[in-house]
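Each reported figure results from applying straightforward, stated rules to the coordinates on display, with no laboratory input. In this text the structure is predicted, and so the values were computed from the model without any measurement. Don't worry about glycine lacking a Cβ; one is built from the backbone with ideal geometry, like all the others, and counts go over all protein chains shown.
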């Protein structure tokens, strides 16, 4: 890292800063500029050390050179990782599509949708049993009963299931049914929850927080990885901006950026990313073209009856059309659905 | 609410929409415009109903007229609420100042700071025992041992204590020491946690999420209120924007906005709001002038040794100066510290 | 539009509001709810009238139902428009690619790049003669001499040219060489400039402002259209967000959104949209997959010598590769390059 | 600045980078870390050089150490500047208040308001003759006739006048009446306009762009300063965020930040900053408490008839009340109105 000293720093202050750096185990190189002196410091930096150095008299600011993530970084592991969820692989040539309703509402609803998406080529099922909702007066999910319905949908279709967990205390219960945990955007920095799934042996899909930087997202992955669970799939689902035509702003550039700086697979959720089912088809194609390692889309056979997220849910026939169209795009970029 | 129909909606579609509204218990008034037909719908709306109506054929969009929060709204309770934490009252003429370190690091550190801020007139102590940190490699708090130190600081100074709780499973343990729970910005939409503190009888300080709208913030408060706990104090602590000169952008306008639309007291945290101790003094004065019902500031006797947030912590002597200066501003706006 | 009255509005106030609406030429429908009264108002609304009504005693807020743009809207013109620039057509089956350096630096530079991109299949040339730069100490463009070089590049390659105009006083001079004006992001709301190009007969490429909503962008187009110039091509080039891994956040959802609400063609600039040449290739493919009606990319034969935007410029060989890859994607979505 | 080399950079690449730095006139210090090599480069950097170096093989990124502004920086001039507009001084002990309507609508309107605000203690008048409006169908200002009315208001009240200029071609005409130019937020990066007022001898009030960073704002000031005009007053007027309760998010932290890094005076416009007249009073007090060197507020005697910005305009009686209340706050922070 680089320690930039204040213009008016005294020789003593500079000396004290250098001593402090040595104490912290850094090797130092001093460069005296016309206006300012800077110190290159080589060693193991942590956020704590940076903050303490920033408060040392004479220091103007600290400029980190290395990224704060380690296990999630491409510098730690040069080749892309693959994450297997049963027979489904994220990060390979195939681009698996996860589909299903926002929330599990009933056995009839879940099975109808599950069979339809399976028929159209979905690789995995989704469906929320525990639903984090902005309003306490909205449907909060069927909870345990929802998990049982998911188990049934899995049996019927043979497809693995991903579902959200929202409370560290529920991890075990959810793991009994889910093939993959979903950590939702609102919980991306719920560290108690990240550690709990990090201690599990099930793969984790980590959604990007509503206003998380890519670095913060990778640091959240780092919590899971450093707890011993290597099977993390990132999911871009739109970020918060000032634009209101879409529910969120889907940041597709995050896909090639993640591929450059991290070895983890990254998928895209165009349903939450846009909030409007009409935009799901074009943005699915765009996601595949940008190199996404998978898609997750919301499908409902009766969106006008859905208990949540109807406006962004595809009907099964639109989903079928989407599957056909993304297959063509995937082929154009050397991938397969 | 208003249901706006598509320009090309057929008479049958319109009829079906109206029937659906009646089914949902709404009374309706239809206005046929030159370009579009709109339906005024009077009744109890919920987010679920809105989404389902949005997906009904012929509907272009739904425009809600009433706010989604109820218990948190000024329309529910016209007079401002006060929240008492022992002898300290938020929402009255006095503007209590909460002070202390970001994290409890040791008994010696906590007591030194606690005594200093008590002497300068702080009304309450703060100090984190459970620390949600962006990096898994950063100091994560002393946890249970930290709570014991807080209890000691409380005994020594006689001041009530606020501390953060991050896991629903910890609520009971934290309640044994804390006079007020803090829900941090990262957990503003951790609904399992909101419900857990909502079931407790201790007051709750609810920080605004990093990119939460004021409506979402009030909806988070609604989770606590609707669980039976009326003692919620909101805390503005800066929102995420593109500006990088400050850690966050302190949104002081939120103070008079909250006072207009909600009856809940609202305090300001200029330490997290700016991320730089030099900005804490001017922004504290600005917060009081804007009508804040309290302040929360980070103080550390050795910021250059602090295990977290040193750069935004005031030294005790700066805190003392701040207390004097905000007293003058408070008097100018008819309040007291 | 809908006029929402305050809960405490008196009968007289409501009467006065209705009279005012009639004065402004609206027909009204009153709906009395349990909590609030609302008035549906049918007629020609303008921003001015809305603001005046908002200030009328008893009024809580105005909710517009129709969009503020007229000529730019899909409701005004149901079929997509095409804009021809010489033989190049935006908005048809073909997806034209505009390529060239950020700034015209010299004849040798411009001709080298122009010939290279023409050979790889570019449909139009770009190159800035007047450069709006953040710093007054940065290269500001060759101005008139730059225009002459562009004219030469046009002669040599036979390709039409688009170049930026930044001052209403320069419109005539630029029109002598350019086949299409570019209005840059920083000038999207420079209304004197929009009117000046609106009075010209040359097509205009209107870049989205750095933090412009899609509505504001269409309102800027409305300035040009309402001045008499129908040939407007919109260009998405990334918006400002908190994310710093990319120079801007490329909002590809804007492409299908524009196609839904406007009849104007929309192209994408992945060079400014990402700021990093490595991201240009994947995001070009994504843009075409999302339905973009064209692309504009920066190409430089020696990016490490470029006087501006080198880091986001493709080398001619990368551009060639991009052209091949986007052709495959275009075919997959029923378009051609 | 610091040049960070790629992990895989070869010895030859590093040598070539160093040679390039020497060519550009930098002195260099090389630090070899465990993972990466970095080069400290001392010399005159420009944005152009940075971009070219970034594209040199082996270079990962450039980290600038010094700020890009020079004349606007506190390092260039250590003491705060004062800007005099006739008898009014920005940057001294006094906190001048500029008041008047958003737009000049008629002589009667302007004189009524001007007399009222003068009586309540306003130091300067405002009023727009050239109005940049989002919609081409909104009132665009009285233009030349508006300037004449402003001249009359000035004669009648004896107060200096600030008014917006939007076209470089209008600068001379506006200068005949205005005592100070206003550059609006939409034109903050209209460099042709900045240069035009930079060549004038009249003071300039430079509003912050809607999504401008503080650095970009100072770079815009740098355009004016480097053209020879030293009399620049900055004006914070709110930035664009996702929050919709307020028109913009007033970034009051910008006041102490500007005071720390620049010597230029900075005032606050709470009318545009919030968009709601009810918020103007608390935010005016907050601005003064934060250290603002002046205020600019919109006042209209009949906001419900105003041709623009009625909802954010104070009535004269509210303005009077504001003047009394901010006087008390100013006294509390050692200033005077």
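The share of alpha-carbon pairs in the range A:194-257 lying farther apart than 14 Å comes to 57%. The angle separating the long axis of helix C:277-290 from the principal Cα axis of greatest extent in chain C is about 50 degrees.
All alpha carbon pair distances within the range A:2-63 were sorted into 5 Å bins beginning at 0; the resulting P(r) in whole percents reads 4, 20, 36, 27, 10, 3, 0.
Label points for residue B:27 are taken 7 Å from Cα along Cα→Cβ. From this copy to the others they lie 2.3, 8.2, 8.4 nm apart, shortest first.
Backbone N atoms of the range D:298-330 closer than 20 Å to the 7 Å Cα→Cβ label point of residue C:28 belong to residues D:303-306, D:311.
With q set to 0.04, 0.07, 0.08, 0.09 Å⁻¹, the log10 of I(q)/I(0) for the protein assembly as shown, from the Debye formula over equal scatterers at the Cα positions, is -0.22, -0.74, -1.01, -1.36. Relative contact order of chain C, taken over Cα pairs closer than 8 Å and 6 or more residues apart, is 16 percent.
Quick check: the angle from helix A:107-120's long axis to the longest principal axis of chain A, C-alpha only, nearest 10 degrees? The angle comes out at about 80 degrees. In units of the compact-protein estimate 2.2 N^0.38 Å, the range B:105-258 shows a Cα radius of gyration of 1.06. Using a 7 Å projection from Cα along Cα-to-Cβ, the label point at residue C:317 is separated from the same position in the remaining copies by 5.1, 6.3, 7.8 nm, smallest value first. The P(r) of chain B has a tail past 36 Å containing 28 percent of all C-alpha pairs. The rotation axis bringing chain A onto chain B passes closest to the chain A residue reported with its distance as A:211, 2, by C-beta distance in whole Å. The long axis of helix B:144-157 is offset from the longest Cα principal axis of chain B by roughly 70 degrees. Distance from the C-alpha centroid of the range A:53-115 to that of the range B:118-159: 33 Å, rounded to the whole angstrom. Considering only A:22, A:263, A:301, the Gaussian network model of chain A with Cα springs below 10 Å gives its largest mean-square fluctuation to A:22. A quarter of the convex hull surface defined by the alpha-carbon atoms of the range A:151-204 gives 3.6 nm² as the mean projection.
Result for chain B in a Gaussian network model with C-alpha springs under 10 Å: among B:267, B:39, B:183, the largest mean-square fluctuation is at B:39.
Label-to-label distance, residue D:155 versus residue D:115, with points set 7 angstrom from Cα along the beta-carbon direction: 1.6 nm. Just checking the listed ones, D:171, D:257, D:63: in the Gaussian network model of chain D with Cα springs under 10 Å, the one fluctuating most is D:63. Taking the label point 7 Å along Cα→Cβ, residue A:64 and its counterparts in the other copies are spaced 2.2, 3.7, 4.3 nm apart, in ascending order. The mean sequence separation of alpha-carbon pairs under 8 Å and at least six residues apart, normalised by the residue count of the range B:2-63, gives a relative contact order of 49 percent. Taking the DSSP beta bridges with both ends in chain B, the antiparallel portion is around 40 percent.
How much length is gained if the chain between residue A:46 and residue A:19 is pulled fully straight, taking 0.36 nm per residue apart and subtracting their Cα-Cα distance, in nm to one decimal?
Fully extending the segment from residue A:46 to residue A:19 adds 8.0 nm.
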